[in-house]
Amino acid sequence: MKLFTTKAIWIGAILSLCGMLSYQVGQAGERRSAQARYEFMRQHPCPATGAKRGACHGYVIDHIIPLDCHGADDPSNMQWQTIAEGKAKDKWERNGDDCRHRTHGQMPPLGINLSE
């Protein structure tokens with residue numbers, strides 16, 4: 001029994017490229033746009049390799065203002081961080097009791113850039 005036909009796979013790929021299936025679920029359950037991530041990488045290539053798509057080893061894409069604090073899922077609210085910086089910012093954000101703490105109300109750990 002075929003679970004997916006070739007036609008269904010092509011339709012899914014086309015819809016995904018068109019942005020119609022362009023959401024991923026983040027850690028807190030918020031929806032993340034694959035199209036926004038694609039645009040960010042196109043505008044800001046991987047710092048390690050210069051690649052405009054695919055994996056960027058040693059780096060993560062971070063939302064400057066977290067999505068669960070009503071930050072935009074838009075390239076203007078994204079930045080590259082090293083994995084260590086990303087983990088430090090995630091820890092700092094988890095320790096905050098409200099969005100004000102997590103969106104400029106207090107200083108983040110050294111090396112964490114909340115705005116560019």
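The values are calculated or read from the model by the stated rules, or taken from the named source; none is laboratory data. This structure is a prediction, so every number in the text was calculated from the model and none was measured. As a convention, Cβ positions derive from the backbone with ideal geometry for all residues, glycine included, and neighbour counts pool all protein chains shown.
If I filter the range 61-92 down to residues being assigned to a helix (DSSP H, G or I) and farther than 24 Å from Ala48 by Cβ, which single residue comes out as modelled with the highest pLDDT?
So in the range 61-92, the residues assigned to a helix (DSSP H, G or I) come out as 67-69, 75-77, 83-92.
Then keep just the ones that are farther than 24 Å from Ala48 by Cβ; that gives 67-69.
Working: Leu67: 88, Asp68: 82, Cys69: 84.
So, considering only residues that are assigned to a helix (DSSP H, G or I) and farther than 24 Å from Ala48 by Cβ, the one modelled with the highest pLDDT is Leu67.
Has the range 33-53 got at least one residue that is within 18 Å of Lys89 (Cα to Cα) and either of a type in the set (Gly, Ala, Ser) or touching a Lys or Arg at 6+ places or on another chain (Cβ under 6 Å) (or both)?
Going through the range 33-53, the residues within 18 Å of Lys89 (Cα to Cα) turn out to be none.
Within the range 33-53 (the criterion being within 18 Å of Lys89 (Cα to Cα) and either of a type in the set (Gly, Ala, Ser) or touching a Lys or Arg at 6+ places or on another chain (Cβ under 6 Å) (or both)), the answer is no, since none of the residues qualifies.
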| the range 26-50 - residue that is surrounded by fewer than 13 Cβ atoms within 10 Å (Cβ to Cβ) and farther than 18 Å from Gly86 by Cβ and, of those, modelled with the lowest pLDDT | Gly29
